[in-house]
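Encoded as structure tokens, here's the structure I'll be asking about.
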């Protein structure tokens, strides 16, 4: 659908059916968002360098309300440590969820 088109920086494509809106916007990378609250409206935003650009409103709301990254299980803990095998790590995780 809208995943095939190559976007330039600042461009966006969106799809809406009923209340569900899906949006893909290009910043440094593609940003994909879905919302039942927002539409495809854009607002002027200032970058850290002072340059003004148009951003989808849903992106600004997301960035302001995101809060942070869940660090309950850091990524370096996902990989097995030298003394453990992947099987032991999996068994440890299964015990933790039991």
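Scan the stretch 1-20 residue by residue and report those that are in contact with a strand residue (DSSP E or B) (Cβ under 7 Å, 6 or more places away or on another chain), assigned to a strand (DSSP E or B) and free of Cβ contacts under 8 Å to residues at least 24 places away in the same chain.
If the condition is that a residue be in contact with a strand residue (DSSP E or B) (Cβ under 7 Å, 6 or more places away or on another chain), assigned to a strand (DSSP E or B) and free of Cβ contacts under 8 Å to residues at least 24 places away in the same chain, then 13, 15, 20 are the ones that fit.
Another question, then. Testing residue 44 on (1) exposed (fewer than 12 other Cβ atoms within 10 Å of the Cβ); (2) assigned to a loop (DSSP other than H, G, I, E, B); (3) modelled with pLDDT of 85 or more, one condition comes back false. Which one is that?
Every listed condition holds for residue 44 apart from (2).
Among the residues of the stretch 34-49, are any within 15 Å of the chain's Cα centre (by Cα) and in contact (Cβ under 8 Å) with a residue 24 or more places away in the chain? Let's see the steps before the verdict.
Of the residues in the stretch 34-49, the ones within 15 Å of the chain's Cα centre (by Cα) are 34-35.
Checking the rest, the ones that are also in contact (Cβ under 8 Å) with a residue 24 or more places away in the chain come to none.
No.
Among the residues of the stretch 34-41, is there at least one that is modelled with pLDDT of 90 or more, within 30 Å of residue 93 (Cβ to Cβ), touching a strand residue (DSSP E or B) at 6+ places or on another chain (Cβ under 9 Å) and part of a strand (DSSP E or B)?
yes
Could you please tell me which pairs satisfy a Cβ distance under 8 Å, a separation of 6+ or placement on different chains, a first residue in the stretch 52-80 that is closer than 30 Å to residue 91 by Cβ, and a second residue that is at pLDDT 55 or above?
From residues that are closer than 30 Å to residue 91 by Cβ, the pairs are 80/86; 80/88; 80/89.
Does residue 50 meet the test of being at pLDDT 90 or above and at positive phi?
Judged against the criteria, residue 50 is a match.
For residue 67, indicate whether it is on the phi > 0 side of the Ramachandran plot and either modelled with pLDDT under 90 or part of a strand (DSSP E or B) (or both).
Details: on the phi > 0 side of the Ramachandran plot: yes; either modelled with pLDDT under 90 or part of a strand (DSSP E or B) (or both): yes.
Yes, satisfied.
The values are calculated or read from the model by the stated rules, or taken from the named source; none is laboratory data. Everything numeric in this text was worked out from a predicted model, so none of it was measured. Here the Cβ is made from the backbone with ideal geometry for all residues, glycine too, and neighbour counts use every protein chain on show.
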